1. Using 1/(1 + (r/R0)^6) with R0 = 41 angstrom and r between the beta carbons of Lys165 and Met60, what's the FRET efficiency to the nearest 0.05?
2. From the phi of every residue in the stretch 85-97, what ³J(HN,Hα) in whole Hz does the Karplus formula 6.51 cos²θ - 1.76 cosθ + 1.60 yield, where θ is phi - 60° and glycine or proline is x?
3. Using the structure shown, list the pairs from Lys96/Lys160; Lys89/Lys121; Lys89/Lys158 with a Cα-Cα distance above 19 Å, or answer none.
4. Run the simple label-point estimate for Ser173 and Glu142 please: 7 Å along Cα→C-beta, distance reported in nm.
5. In nm², what is the average projected area of the convex hull enclosing the Cα atoms of the stretch 50-129?
6. How much accessible surface does Arg106 have with a 1.4 Å probe, in Å² rounded to 10?
7. Summing +1 for each Lys or Arg and -1 for each Asp or Glu, what net charge is found among the other residues whose Cβ lies under 12 Å from the Cβ of Ala116?
8. Between Met71 and residues 5 or more places away or on another chain, which pairs have amide H atoms under 5 Å apart, with H built 1.01 Å from N, and which residues are they?
Amino acid sequence: MAFYSTVVAAIDAYTGLSPAAFFTILALMFGVYRLVSSLFVYPDDAAAEKTSPPPAPPAMQPFVPPEPVQMGDITLEELKAYDGSDPNKPLLMAIKGQVYDVSMGRLFYGPGGPYAFFAGKETSRALALMSFDPSDINSNLEDLSEAELEVLHDWEEKFKEKYVKVGQIVPESSKVGDDNESSDQIKGNQDE
Ligand code: HEM
């Protein structure tokens, strides 16, 4: 009892409050403390999080295009299907009648790429002239200068080195009747 009266006297001396008011305020302060501290991470929990880091995100899988498939003889019309519009087909591009699988260079020739307009086409003239003009994206080399042919040759060397040759362009007619003789003749001309 003496302890109780000492406590009451101390509360009164230090705060000027009645014991009931003092304990009510104390309870309210504790409630506020619990409420505010619940808004923050408890130090122990934060330490636990540090020791068990969140699982690493799945590693980015590098894009690996499928192995180039040999197409053999292919017409310009058939080549168009390999312009990147079908993601299941390789990206093909022809230079001097030779067809290259440029799937590895999809950032250049794939949809949205800076040279996407070359995919699925015979690009010799455009490369020789260093032209982006759609009317130059064809195989016509007739009126080109020596210097322009040299530029084309350099492109051809680059493509031979970088990409796999998967076929050769043949005229429409040579495929319709499967006329081997004319097909061979075209191949011979292009291999020169
Ligand atoms: C403003 C002019 C041009 C600039 C700044 C430019 C720049 C580039 C660059 C930085 C590359 C990447 C080279 C690499 O990493 O191997 C590239 C590739 C290429 N450029 Fe251009 N270029 C220009 C004009 C042209 C023109 C006029 C053509 C042909 C008509 C052309 C055809 C190509 C082709 C076909 C590739 C891809 C070669 C491959 O498959 O490796 N470029 N260009």
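1. Numbers: r = 31 Å, r/R0 = 0.75.
Efficiency for this residue pair is about 0.85.
2. Values, residue by residue: 6, 10, x, 8, 9, x, 8, 10, 8, 10, 9, 6, x Hz.
3. Working: Lys96/Lys160 11 Å; Lys89/Lys121 14 Å; Lys89/Lys158 23 Å.
Flagged as over cut-off: Lys89/Lys158.
4. 1.6 nm
5. Details: hull surface 31.0 nm².
Dividing the Cα hull surface by four gives the mean projection, 7.8 nm².
6. 90 Å²
7. Details: positive: Arg106, Lys121; negative: Asp83.
Within the 12 Å Cβ shell, the charges total +1.
8. Gly167
The values are calculated or read from the model by the stated rules, or taken from the named source; none is laboratory data. All of these numbers come straight from a predicted model, not from anything done at the bench. No Cβ is skipped: glycine too gets one built from the backbone with ideal geometry, and neighbour counts run over all protein chains shown. With ligands, DNA and RNA removed, areas are computed over all heavy atoms of the protein, side chains included. Shrake-Rupley method; radii C 1.70, N 1.55, O 1.52, S 1.80 Å.
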